[in-house]
Amino acid sequence: MTDHLKPDLVARRQDYIKRQIALDKGVNVKFRGQPPEGTGPANRDGMPQLPVGQHQVKNWPVLDLGEHPDIPLAEWRLEVAGHVEHPFILTWEEFLSLPQVEDESDFHCVTTWSRYANHWQGVRFATIAERAVPKQDAAHVLCTGYDVDPSSGEPYTTNLPLARAVEDDVLLVHTWEGQPLPREHGGPCRMITPKLYAWKGTKWIHRIEFLAKDHKGFWERRGYSNSAEPWFNDRYSTG
């Protein structure tokens with residue numbers, strides 16, 4: 001990855017960081033002010049550990065579109081594009097050269113199961129965003145995986161607001177429980193969104209596109225909620 005930086009890119013990046021600091025991030029606006037629902041002790045974000053309608057599991061169930069892409073690391077690429085000042089493509093080695101973080105977070109699937117205290121290693125989505133420098137009008141993100149729907153050939157996509165994507169616990173992970181992320185769970189790299197239902201975290205992630213307007217992803221166009229807030233039982237679209 002060779003950077004051909006615009007002369008004012010540093011200033012633009014600093015401006016983007018200031019906008020993020022000032023941004024009112026948090027729960028989807030339609031739920032703001034409502035009490036979260038669930039049971040158990042408070043998690044690190046002050047929410048009940050088990051969201052409403054969920055049950056705890058010890059294993060990690062596999063859910064996908066019916067295929068597990070086999071992506072050699074030498075061929076893996078992450079494309080970052082859209083409404084940004086600095087689009088780029090990362091190889092695997094370049095991705096690993098970015099600042100790495102370790103985190104522990106819970107994983108909540110829309111199909112009603114939750115797995116607690118997963119140990120991850122990877123790169124914060126915010127790191128990717130800061131490198132790309134989203135433009136002033138960028139407010140949404142559309143992520144695309146290497147997997148496709150076998151019946152239609154449509155690539156898997158999911159969407160979320162940029163404000164939710166840049167939260168500190170949203171990662172592009174390559175390691176789970178001290179081992180390379182299993183292929184069936186999105187390895188070599190997937191996104192995780194601990195404060196949202198897990199389908200918002202694209203498995204086998206391949207492309208991140210910053211958008212001015214929201215563009216619904218694969219499941220969002222098939223009846224799942226666009227906002228996916230676990231503590232408000234926000235599983236399905238109401239319109």
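The values are calculated or read from the model by the stated rules, or taken from the named source; none is laboratory data. Since this is a predicted model, take the numbers as computed values, not measurements. Neighbour counts are summed over all protein chains in view; Cβ atoms, including those assigned to glycine, are modelled from backbone coordinates with ideal geometry. When the accessible area is computed, the model is the full protein with side chains, heavy atoms only, and any ligands, DNA or RNA have been set aside. Shrake-Rupley method; radii C 1.70, N 1.55, O 1.52, S 1.80 Å.
Side notes on the structure shown:
- When residues in the stretch 200-239 are screened for being within 16 Å of Leu63 (Cβ to Cβ), of a type in the set (Phe, Trp, Tyr) and touching a helix residue (DSSP H, G or I) at 6+ places or on another chain (Cβ under 8 Å), 2 of them pass.
- Residue check, Glu177 charged (D, E, K, R) and at positive phi: yes
- Residues in the stretch 166-214 that are more than 13 Å from Phe107 (Cα to Cα), among the polar types (S, T, N, Q) and in contact with a Leu (Cβ under 8 Å, 6 or more places away or on another chain): Thr175 alone.
- The combined condition, being closer than 23 Å to Ser227 by Cα and in contact with a Cys (Cβ under 7 Å, 6 or more places away or on another chain), is fulfilled by Leu172.
- Of all residues making up the stretch 44-82, the number that are in contact with a Pro (Cβ under 9 Å, 6 or more places away or on another chain) and farther than 30 Å from Pro150 by Cα: 8
- Unmet requirement for Asp169, which otherwise passes all of (1) over 12 Å from the mean Cα position of the chain (by Cα); (2) more than 21 Å from Ala81 (Cα to Cα); (3) acidic (Asp, Glu): (1)
- Considered as a group, the residues in the stretch 56-67 that are in contact with a strand residue (DSSP E or B) (Cβ under 8 Å, 6 or more places away or on another chain) and over 22 Å from Asp169 (Cα atoms) include one that is surrounded by the most Cβ atoms within 10 Å (Cβ to Cβ), and that residue is Leu65.
- Failed condition for Glu102, given (1) assigned to a loop (DSSP other than H, G, I, E, B); (2) at pLDDT 95 or above; (3) open to solvent by 40 Å² or more (accessible area, probe 1.4 Å): (1)
- Against the list (1) without any contact (Cβ under 8 Å) to a residue 24 or more places away in the chain; (2) open to solvent by 50 Å² or more (accessible area, probe 1.4 Å); (3) closer than 24 Å to Arg221 by Cα, the condition Ser97 fails is (3).
- Members of the stretch 116-159 found to be over 17 Å from Val170 (Cβ atoms) and either assigned to a strand (DSSP E or B) or open to solvent by less than 10 Å² (accessible area, probe 1.4 Å) (or both), listed by number: Tyr116, Ala117, Val133, Tyr146, Asp147, Val148, Pro155, Tyr156
- Answer from Glu85, Glu104 - the residue that is among the charged types (D, E, K, R) and in contact with a helix residue (DSSP H, G or I) (Cβ under 6 Å, 6 or more places away or on another chain): Glu85
- Matching option when the condition is touching a Gly at 6+ places or on another chain (Cβ under 8 Å) and over 25 Å from Ala81 (Cα atoms), among Tyr236, Tyr224: Tyr236
- Strands (runs of 3 or more DSSP E) contained entirely in the stretch 164-239, each with at least 1 residues that are open to solvent by 20 Å² or more (accessible area, probe 1.4 Å) and touching a residue at least 12 places away in the same chain (Cβ under 8 Å): 171-176, 205-211
- Subset of the stretch 68-94 (residues that are touching a residue at least 40 places away in the same chain (Cβ under 8 Å), open to solvent by 60 Å² or more (accessible area, probe 1.4 Å) and in a loop (DSSP other than H, G, I, E, B)): His68, Asp70, Leu73, His83, Pro87
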